[in-house]
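Throughout, read-outs are computed from the coordinates displayed, never taken from laboratory work. All of these numbers come straight from a predicted model, not from anything done at the bench. Note that we place each Cβ from the backbone using ideal geometry, even for glycine, and neighbour counts take in every protein chain shown.
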Amino acid sequence: MTIPTDTELQQLAERLGSRLLAARDRVVTAESCTGGWIAKELTGIAGSSDWFDCGMVAYSYEAKQALLGVHPQTLETLGAVSRETVIEMVAGALVNSGASVAVAVTGIAGPGGGSADKPVGTVWIGWKRRGGYTRAELFHFAGDRDAVRRQTVARALEGLEDLL
């Protein structure tokens, strides 16, 4: 994946906003490694109050538990960057919001924090429609911290569009 520019991220957000509005859906974001960047892109679109519900930035284990209902055992045994954690994050985002669709991201943006099993650039993204199936995908993005985060934001937005 190429590193998306600011303009490309804005275009993705605009396209998604139009689709959300047409479908009468509202979106919630649950973000860790992107630190609210997905919500920033979405709320940067004029009229986003018609289809954006809220965004939750849950960086620490404690925040993931308190804001999103991630189980302590999941975090202790599998870590914050895991399929199970992102599934619990995206489900918790829907439970704790008025949204009908959700996206959650958790990963290692770097430059530190990586390991042999989870190197820098490892990102889990989860998408869910209220009452529907959860989709979770593992990505290995290349580049520095900014590049990993940009790619995560773009893929999260594209996945939401696919969900609609």
> Which condition breaks for Ser49 when tested against (1) farther than 20 Å from Ala109 by Cα; (2) surrounded by fewer than 21 Cβ atoms within 10 Å (Cβ to Cβ); (3) under 17 Å from the mean Cα position of the chain (by Cα)?
Replying inline: (3)
>> Quick check on my filter: what residues within the range 129-142 are part of a loop (DSSP other than H, G, I, E, B) and surrounded by fewer than 17 Cβ atoms within 10 Å (Cβ to Cβ)?
In response: Arg130, Gly131, Gly132, Tyr133, Ala142
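Here's the yes/no breakdown for (1) touching a strand residue (DSSP E or B) at 6+ places or on another chain (Cβ under 6 Å); (2) surrounded by fewer than 21 Cβ atoms within 10 Å (Cβ to Cβ); (3) within 25 Å of Glu14 (Cα to Cα):
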position: Ser60; (1), (2), (3): no, yes, no
position: Ala63; (1), (2), (3): no, yes, no
position: Ala102; (1), (2), (3): yes, no, yes
position: Val105; (1), (2), (3): yes, no, yes
position: Ala116; (1), (2), (3): no, yes, no
position: Trp127; (1), (2), (3): yes, no, yes
position: Asp144; (1), (2), (3): no, yes, no
position: Val148; (1), (2), (3): no, no, yes
position: Ala154; (1), (2), (3): no, no, yes
> Considering the range 81-115 alone, what residues qualify as being in a helix (DSSP H, G or I) and without any contact (Cβ under 8 Å) to a residue 60 or more places away in the chain?
Replying inline: Arg83, Glu84, Thr85, Val86, Ile87, Glu88, Met89, Ala91, Val95
>> Of the residues Arg145, Arg155, only one is under 15 Å from Val86 (Cα atoms), among the charged types (D, E, K, R) and touching a residue at least 24 places away in the same chain (Cβ under 8 Å); which?
In response: Arg155
>> Suppose we filter Thr74, Thr34 for residues that are polar (S, T, N, Q), assigned to a loop (DSSP other than H, G, I, E, B) and buried (at least 17 other Cβ atoms within 10 Å of the Cβ); which single one remains?
In response: Thr34
